1. Please tell me which of these pairs span more than 18 angstrom C-alpha to C-alpha: Lys154/Lys345; Lys218/Lys294; Lys223/Lys343?
2. Using r as the Cβ-Cβ distance of Tyr101 and Phe45, and R0 as 45 Å, what FRET efficiency do you calculate, to the nearest 0.05?
3. Karplus couplings for segment 226-234 from phi (6.51 cos²θ - 1.76 cosθ + 1.60, θ = phi - 60°), rounded to Hz, Gly and Pro as x?
4. Given H placed 1.01 Å from N in the peptide plane, which residues other than close sequence neighbours of Arg407 have an amide H under 5 Å from its amide H?
5. Listing Val350, Val113 from the residue with the fewest other Cβ atoms within 10 Å to the one with the most, what is the order?
6. Return the sequence-ordered ³J(HN,Hα) values of segment 69-82 in whole Hz as given by the Karplus equation 6.51 cos²θ - 1.76 cosθ + 1.60 applied to θ = phi - 60°, using x for Gly and Pro.
7. Against the longest alpha carbon principal axis of the chain, how many degrees, from 0 to 90 and to the nearest 10, is the axis of helix 155-164 turned?
8. Dividing the Cα radius of gyration by the Kirkwood radius, what Rg/Rh value follows for segment 85-225?
Amino acid sequence: MKLKTLLTASALIALPGLALAQEAPSFDEIGPYIMTTLLFCMAGFLVFFMAAGFAMLEGGLVRSKNVTMQMTKNIALFSIAAIMYWLVGFNTMYPGDFNGYFAIGGQTVLDPVGVAAADAALDYASIGSDFFFQLVFVAATASIVSGAVAERIKLWPFLIFVVVLTGIMYPISGSWQWGGGWLSEAGFSDFAGSTVVHSVGGWAALAGVIVLGPRLGKYKDGKINPMPGSNLALATLGTFILWLGWFGFNGGSQLAMGTVGDVSDVSRIFANTNMAAAAGAVTALILTQVLYSKPDLTMVLNGALAGLVSITAEPLAPTLFGALWIGAVGGVIVVFTVPLLDKLKIDDVVGAIPVHLFAGIWGTIAVIFYGEASIVTQLTGIVAYGVFTFLGSLILWFILKAVMGIRVSEEDEMTGLDMAELGMEAYPEFSKG
């Protein structure tokens, strides 16, 4: 009798807990939210590390007297991008219902602390993870500009340009495709940003290089004078860091990790991304051997990066062989367009325009071989982003030039931007003996 009473009492005590357990959502309901949020966080960490890659690549490819300037620009531009994307960028790029062309959003507001499952967007991911993942993309766009205009631009005009690029220009054009805008409705396809990110950075860089003009002594008496970088080991490290970060760049752009198919697709993207980079590097290695009798390390590094940019518009659908030939074409593009720019007296210090603009255009066109997008639609998107970003950047660069000047004096350029602009050197022991 006592045992029966105890069992009855225990059952009554357990009933509220059982009821709560029945009301709690199952993993089938919350699993996709948790896993996709995790994907955005992990991929965001990797893309964030690309900021270090850009800094190391640029620091290695500029002359030693300008290294500190590049480091300053890179940490400053990322920080500015983070603030501007919170302030207006994220909700400009993803405005919800809008006219498909233009919207200016407000500040980003995160999910409340300890948000309940009933109040979370279980069909997608946390706001914080989504915001952070998209933020690191805009910072990469600004980094592209930094390398191209190196060694002769003033610090503060450049950073003002970054404010407008990351807070206004990039988010507006990004909304056309990833925010459900007119290009998305038209069928334009750009999986992870060959055009939305990389060619936008390339167009902005091209405008800046044109307005700035070439470095002193780069083109003289009809000759192209090489200006070797200060540290090719550092540049190589930067390339490997960028290669690593690209797995997050492309893999995270799956935008879901809640099913077996999604996880499998992320791994497929990783494999294709790696293959395209390898093919771009090997192609540049072989081509420079054939054309110049000796391999050119800087071309090989940029060949790998061009392969990565080329596969970014569609890293999921191709086979490994498809990724190989797409990346290989990217390597070819770099080898032939770097000297072409020099012939046109367009001085791009790190090769950012061939890698991000030209290979970005190629990657966007290559989508037609593995998807449903048409060549007309893809070209429409390429032209739209080119016109908007190039003209907008050109106008902004000219305004900055007229108002405050964007180029340092000849004396400061000869001295080096480290001492002229910052008063400190990256390698003081070499200059002071």
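Throughout, read-outs are computed from the coordinates displayed, never taken from laboratory work. Because the structure is a prediction, the values reported are computed rather than measured. Virtual Cβ from ideal backbone geometry, glycine too; neighbours counted across all protein chains shown.
1. Working: Lys154/Lys345 21 Å; Lys218/Lys294 22 Å; Lys223/Lys343 9 Å.
Table pairs above 18 Å Cα-Cα are Lys154/Lys345; Lys218/Lys294.
2. 0.85
3. Karplus values, whole Hz, x for Gly and Pro: x, 10, x, x, 7, 7, 6, 5, 5.
4. When sequence neighbours closer than 5 places are left aside, the close amide H contacts are Lys154.
5. Taking fewest neighbouring Cβ atoms as first place, the list is Val113, Val350.
6. 4, 5, 5, 4, 4, 5, 6, 5, 5, 5, 5, 5, 4, 4
7. The two axes meet at around 40 degrees.
8. Taking Rg over the Kirkwood Rh, I get 1.09.
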